[in-house]
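Please read the structure below before turning to the comments.
The values are calculated or read from the model by the stated rules, or taken from the named source; none is laboratory data. Keep in mind it's a predicted model, so treat the numbers as computed, not measured. Reconstructed Cβ throughout: ideal geometry from the backbone, glycine too, with neighbour counts over all protein chains shown.
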Amino acid sequence: MRRPTSIRGSEDTPLPDLAVLRKAFASGKFGVLGEVTSQYAGYSLSDQKYDPYLSLAEEFDVPVALHTGTMPPGTTFDECCRTARAHFGHPELIEDALNKHPKLRLNLMHCGYPYVEETIAILMQYPQVNADLGAIDWLLPRPAFHAYLRTLVEAGHAKRLMFGSDHMFWPDAIGLAIEAVEAAPFLSESDKDDIFFNNAVGFYKLTVG
């Protein structure tokens, strides 16, 4: 099974050796470049330091999963992340990266929350971009999550949204995340099938069955 590999680019979590990463992609050891946490390092994905990694992802047709939107409270006061800033999670900051790397498949993790209009703008402009619901589907109050999700769906992007939990150390969050999506009254059964399964199969080019 091909695994994801996370990169950051901060002093305490430097970017990996490109030759090592190339070998891992070529062998099929890693199949996703992500989670890319450039925001925690104080950069946007469009910073030139990430260009070689995005070029590598393009070359091997490896999708990139990027942390977008906000961060946990107090992140910028943590010693790991003193250069992190909320505005580096703004989805529109990835435009230069997308234009430099037009074959890049990019997942906006956490759906760019709370930047819903900007997330819609990116999804409209760049067909190679999808977004996942990880974390926002169980961390946000249910009305806030449903309002955000409904705006994206009503803008025509139900086939670009993918389920996620971002549970890490909280396995109960998976059930909470599923329940939050299932409870959305504005989603059709077809919408739910797309969000829970079909959209990810298409985006990640998964083999089913």
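Starting from residues that are in contact (Cβ under 8 Å) with a residue 40 or more places away in the chain and either in a strand (DSSP E or B) or out of contact with any helix residue (DSSP H, G or I) (no Cβ under 7 Å at 6 or more places or on another chain) (or both), keep the ones in the stretch 54-78 and report whichever is surrounded by the fewest Cβ atoms within 10 Å (Cβ to Cβ).
Asp61
Going residue by residue through the stretch 1-20, is there one that turns out to be buried (at least 18 other Cβ atoms within 10 Å of the Cβ) and assigned to a helix (DSSP H, G or I)?
no
May I ask you to verify whether Asp96 is more than 18 Å from Glu35 (Cβ to Cβ), of a type in the set (Asp, Glu) and modelled with pLDDT of 95 or more?
Working: more than 18 Å from Glu35 (Cβ to Cβ): yes; of a type in the set (Asp, Glu): yes; modelled with pLDDT of 95 or more: yes.
For Asp96, the condition - more than 18 Å from Glu35 (Cβ to Cβ), of a type in the set (Asp, Glu) and modelled with pLDDT of 95 or more - is met.
Residues in the stretch 161-178 that are within 23 Å of Arg105 (Cβ to Cβ) and not hydrophobic (A, V, I, L, M, F, W, C): how many?
Summing the residues that are within 23 Å of Arg105 (Cβ to Cβ) and not hydrophobic (A, V, I, L, M, F, W, C) in the stretch 161-178 gives 3.
Go through the stretch 179-209 residue by residue and tally those that are surrounded by 12 or more Cβ atoms within 10 Å (Cβ to Cβ), under 18 Å from the mean Cα position of the chain (by Cα) and hydrophobic (A, V, I, L, M, F, W, C).
Here is the first cut: in the stretch 179-209, the ones surrounded by 12 or more Cβ atoms within 10 Å (Cβ to Cβ) are 179-181, 184, 187, 191-204.
When the remaining residues are screened for being under 18 Å from the mean Cα position of the chain (by Cα), the result is 181, 194-204.
Within this subset, residues satisfying the condition of being hydrophobic (A, V, I, L, M, F, W, C) are 181, 195-197, 200-201, 203.
Here the count works out to 7.
Could you please find all residues in the stretch 72-88 being over 14 Å from Arg8 (Cβ atoms) and of a type in the set (Gly, Ala, Ser)?
Answer for the stretch 72-88, where residues must be over 14 Å from Arg8 (Cβ atoms) and of a type in the set (Gly, Ala, Ser): Gly74, Ala86.
In the stretch 93-125, what residues are assigned to a loop (DSSP other than H, G, I, E, B) and either in contact (Cβ under 8 Å) with a residue 60 or more places away in the chain or buried (at least 18 other Cβ atoms within 10 Å of the Cβ) (or both)? Talk me through it step by step, then tell me what you get.
Going through the stretch 93-125, the residues assigned to a loop (DSSP other than H, G, I, E, B) turn out to be 101-105, 113-115.
Listed by number, the residues that qualify are His101, Leu104, Arg105, Tyr113, Tyr115.
Take the residues of the stretch 21-37 that are in a strand (DSSP E or B) and of a type in the set (Val, Ile, Thr): which is surrounded by the fewest Cβ atoms within 10 Å (Cβ to Cβ)? Before you say what the answer is, go through the steps one by one.
So in the stretch 21-37, the residues in a strand (DSSP E or B) come out as 30-36.
Remaining after also requiring of a type in the set (Val, Ile, Thr): 32, 36.
Values: Val32: 19, Val36: 28.
Of everything passing the filter in the stretch 21-37, Val32 is surrounded by the fewest Cβ atoms within 10 Å (Cβ to Cβ).
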